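Have a look at the structure below before the remarks.
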Amino acid sequence: MNVITRALNLNFSNRLISVPSRTLRARRATRIGRMVSSASTVSVSADVAKDYENLCDKLREISTLGGIGGLLQWDEAVMMPAGAAESRGKQKSVLAGVVYEKETSQELGKLLKTLMMHNKDLEPVQAAVVRDAQRHYVRNTAISKELAQRRAELESEGYVKWVKARDEADFSQFAPVLQEWVGLLKKYAGAIDSNRPIYDVLLDDFEKGMTSSRLDHIFTEVREGLVPLIQDIKQKGTKPNSSLLAGSFDTKAQAALCNAIAVDLGFSLEQGRLDVSIHPFTGGTHPTDVRMTTRFKEHDLTEGLTGAIHETGHSLYEQGRSLEYDGLPVNEALSMGVHESQSLLWERMVALSQPFAHYLLPKLREHFPDLAQKLSPESLYSAVNVIREPSMIRVEADEVTYPLHIILRYELEQQLLAGDISIEEVPRLWSEKMTKYLGCTPKDDAQGVLQDVHWSAGIMGYFPTYTLGAMYACQIYQKACEEIPSLEKQIAAGNFKPLRDWLKVKIHQVGSLHPNGDELMKAVTGSPLDPSVFLKYLRTKYTALYNL
């Protein structure tokens with residue numbers, strides 16, 4: 001998924017929602033008045049109900065405008081002619097200005113201030129709406145115009161310099177950009193909350209409620225579990241035969257295969273689109289208008305297949321969100337990590353499983369008859385689960401080595417923001433950690449420290465959400481297997497509805513009701529995020545695959 005698209009779309013202003021009629025608003029106000037705690041006086045309850053409905057009207061309007069922005073982004077990536085880039089930039093700039101004015105209006109601030117004082121009088125869903133709207137308001141209003149403008153300028157400048165530095169494998173050309181971003185991010189974090197660790201404030205943009213101290217505990221356990229597993233696989237394992245999937249595969253046939261699988265998984269073509277783009281992403285404007293894109297390579301069948309299933313997971317989350325709370329922050333994904341959990345649950349827990357191989361093989365026979373003749377469900381399962389050696393590039397990594405790529409970046413980001421290391425030390429430390437964690441050393445800066453675009457846009461605190469998503473997915477799927485009778489038999493038979501419906505109730509329609517991922521995990525699985533579940537899954541699976 002395109003990181004910038006998802007980062008932008010997490011804000012509550014990203015959905016296209018129709019503004020309700022006056023009659024409907026009146027009905028909602030009556031219902032809200034009944035829901036307000038009876039401990040309040042009648043006059044206070046009426047005032048709270050009125051203020052809450054006024055707040056919701058404003059949030060829905062912001063959401064509508066944000067949905068238009070989402071549509072512009074999708075069009076730019078998929079349909080827009082190249083010559084329209086300048087005019088599209090002006091359109092997006094004007095729209096962003098309108099949205100900013102509404103997101104930071106004094107009237108919105110007054111409503112939130114009043115409702116925060118009466119938050120105990122609200123039902124849980126209403127309290128979550130106010131909590132998250134207040135959180136966004138504080139962040140939107142804390143930043144000076146000058147800081148916001150410089151961040152926007154540096155994002156464009158940084159991308160150009162990153163591309164040149166990567167092309168020439170020369171980190172020194174990008175170092176000044178990274179240096180300035182570290183300074184700007186420190187100012188940004190200090191403006192929002194000077195009493196919290198800098199990294200915690202940045203992390204909260206993407207994984208609300210998560211802290212660096214909690215991440216330290218989680219990632220230490222993951223690192224200490226995966227490094228020896230990878231060493232065992234390399235030194236003692238018998239590599240499965242991945243050559244069975246080698247060859248040339250018509251991209252139109254790949255697209256037809258992946259579209260059929262997406263529909264089987266539950267993607268609704270009545271409420272969404274499937275397209276091709278340079279960078280796969282999931283966007284759109286509303287649960288009834290979800291735009292999914294993917295890409296295909298002629299000589300790599302698995303990338304297009306797993307990428308399409310990954311984006312389908314994101315899309316099922318979007319199409320499964322509750323329509324009862326349209327346009328309100330409680331209806332948004334709880335975090336980037338939780339959203340990633342839904343894509344990785346379908347991509348890894350389902351599509352890379354043994355049961356799914358039984359479903360997939362007949363599909364391959366239909367679209368690629370020559371390939372399917374030499375495959376069995378067992379050999380197909382083994383071929384799609386090979387560990388990459390060396391695992392040098394994050395976006396090409398497998399599910400075993402990928403978390404260590406994330407932990408490396410997390411550790412360097414923390415050290416940079418804390419002032420424990422200098423910008424000049426980053427390439428050397430990157431290479432040292434790659435060697436220590438993954439047993440491979442980048443040949444140059446392009447293969448090492450310059451391989452990701454994130455830092456060029458000042459995005460720090462985002463990387464951890466990828467691996468948090470993988471761990472959430474594993475724990476959620478384990479619970480689904482406990483609660484859904486014969487789930488894996490149903491997957492093998494191509495019946496994905498029981499799992500999809502279970503996820504819709506447990507995750508999609510819950511939205512941002514809970515304050516953080518740990519609380520969601522407790523509600524769904526009975527315990528907060530537990531790294532040991534993830535580690536046990538990987539060790540069990542790959543011990544069998546590699547005959548350890």
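The values are calculated or read from the model by the stated rules, or taken from the named source; none is laboratory data. None of these values were measured; they are calculated from a predicted model. Note: ideal-geometry Cβ built from the backbone for every residue, glycine included; neighbour counts use all protein chains shown. Note: areas computed on protein heavy atoms with side chains; ligands, DNA, RNA excluded. Shrake-Rupley method; radii C 1.70, N 1.55, O 1.52, S 1.80 Å.
Comparing region 441-528 with the 2.2 N^0.38 Å rule of thumb, its C-alpha radius of gyration ratio is 1.49 (two decimals).
Computed from the Kirkwood radius of its Cα pairs, the Stokes-Einstein diffusion coefficient for region 127-182 at 10 °C and 1.306 mPa s stands at 118 µm²/s.
The residues neighbouring LEU535, those whose beta-carbon lies less than 14 Å from its own, together hold a net charge of -1 under the Lys/Arg +1, Asp/Glu -1 convention. Normalised by 2.2 N^0.38 Å, where N is the number of residues, the alpha-carbon radius of gyration of region 278-338 equals 1.29. Take HIS367: with every protein chain present and a 1.4 Å probe, its accessible area is about 40 Å². For the chain, the 222 nm mean residue ellipticity estimated from helices alone, with every DSSP H stretch of n ≥ 4 adding -39500 (n - 2.57) and the total spread over all residues, rounds to -20000 deg cm²/dmol. Scattering from the C-alpha atoms of region 39-190 alone, worked out with Debye: what is log10 I(q)/I(0) at q = 0.19 1/Å? Each listed q corresponds, in turn, to -1.19. Binning all Cα-Cα separations of region 408-490 at 5 Å, short to long from zero, yields these whole-percent fractions: 3, 12, 17, 19, 14, 9, 6, 8, 7, 4, 1, 0. Other residues with beta-carbon under 13 Å from the beta-carbon of ALA523 carry, at +1 per Lys or Arg and -1 per Asp or Glu, a net charge of +1. Of the residues THR465, THR114, ILE233, the one whose Cα sits farthest towards the positive end of the charge dipole of the chain is THR114 (charges of +1 on Lys and Arg Cβ, -1 on Asp and Glu Cβ, taken about the Cα centre).
The count of lysine pairs in region 414-548 with alpha-carbon distances below 17 Å, taking only pairs 8 or more places apart or on different chains, stands at 11.
Placing one equal scatterer on every Cα of region 371-458 and applying the Debye formula, the log10 ratio I(q)/I(0) at q = 0.11, 0.22 Å⁻¹ is -0.39, -1.07. A convex hull fitted around the alpha carbon atoms of region 235-393 yields 131 Å³ per residue. Its Kirkwood hydrodynamic radius, worked out from the mean inverse distance over all distinct Cα pairs, puts region 238-321 at 13.3 Å.
Taking Cα centre as origin and charging only the Cβ of basic (Lys, Arg, +1) and acidic (Asp, Glu, -1) residues, the dipole magnitude of the chain rounds to 1060 debye. Distance between the C-alpha centres of region 181-208 and region 218-234: 30 Å, rounded to the whole angstrom.
Projecting the Cα atoms of VAL201, TYR317, VAL78 onto the dipole axis of the chain, where Lys and Arg carry +1 and Asp and Glu carry -1 at the beta carbon, places TYR317 farthest toward the positive end.
Size estimate for the chain follows the Kirkwood approach: the inverse of mean 1/r over distinct Cα pairs works out to 24.7 Å.
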